[in-house]
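The values are calculated or read from the model by the stated rules, or taken from the named source; none is laboratory data. It should be emphasised that the depicted structure is a prediction, and the values quoted were computed from it without experimental measurement. Cβ placement follows ideal geometry from the backbone for every residue including glycine, while neighbour counts extend to all protein chains displayed. Quick note on the areas: whole protein, heavy atoms, side chains included, nothing else; ligands and nucleic acids left out. Shrake-Rupley method; radii C 1.70, N 1.55, O 1.52, S 1.80 Å.
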Amino acid sequence: MTIHKGLSLSTCFLAAFWAAGANALFIDTFDTDASVLVLAASPASDSAATPDSGAGMIGDRTLTVNKIVGGGGGANGAYADVIGGILAMANGPVTNSIITVDWVFSGTDLTEAGTKNGFFLGLPNPIDNDLTISLSINGGTATSKLFLDGSSGADFFFPFIDFANAGDAASATSIRLQFTSSNAWDAQVDFIETVGPPPEVAEPASLALFGISIAG
């Protein structure tokens, strides 16, 4: 079992149960670094393009920070960094931004002949402040979910069936991932992948027994 950087032990158990069903197709493990920092007063934006590195990243990636609220200066900065396998995003205390990650690549069957049926995002830490996460394929209508402050775990699963253009998953050439909040916020993501059906979340007691059996 591969343990992703920063994942809790219970999340690793969850990943192990999930991986037993089908191997993941990684969209990005964020091992190819990039950095975007916006210090100017809103509205302001900047982006960084990273060519396909072939190291845990599908196609070319463009990272964009669109600052929509906040004055100028370091205390009001908005940034998105990909460093050491983590996509980290944050804003100043009175700053809001929209973070967008775009991947462009040659035609790919994200469903892998029906063995994968959705996207999963790995978050090594709970999110800070309510956050909307949206995903779209081939520029089609995005599917979005609102996650409350402190959310984590298996909820970050986006079934292909929820996309208006769900059939595009079988012949995808682009993916857009977007993070939006009405408050100053921060979040971290350490991978995005396509997977099979999400697992049932084990009860804490079951996880403890599973840990004891591994220890034994």
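Highest average first, the peptides 24-35, 107-118 ordered by how many other beta carbon atoms sit within 10 Å of their residues are 24-35, 107-118. Expressed as a whole percent, the accessible area of region 122-192 that falls on carbon and sulfur atoms is 45 (1.4 Å probe).
Is region 46-95 rounded, prolate or oblate when judged by the Cα gyration tensor, a ≥ b ≥ c being the square roots of its eigenvalues, rounded requiring a/c under 1.5 and prolate requiring a/b larger than b/c? Prolate.
For the pair region 144-168 / region 100-138, the C-alpha centres are spaced 8 Å from each other.
Rounded to the nearest whole Å², what accessible area per residue is found for region 112-166 with the 1.4 Å probe?
Result: 42 Å² per residue.
Look at the dipole of region 115-176 built from charges on Cβ: of GLY118, LEU148, SER134, the Cα furthest out on the positive end belongs to GLY118. Which shape class, rounded, prolate or oblate, goes with region 46-168 when its Cα gyration tensor gives a ≥ b ≥ c as root eigenvalues, a/c under 1.5 marks rounded, and past that a/b bigger than b/c marks prolate? It comes out prolate by the Cα gyration axes.
Which value, in Å², gives the accessible area per residue of region 51-110 when a 1.4 Å probe is used on the protein heavy atoms? Provide the component values of the computation, followed by the final result.
Working: 2130 Å² over 60 residues.
Here the residues of region 51-110 average 36 Å² of exposed surface.
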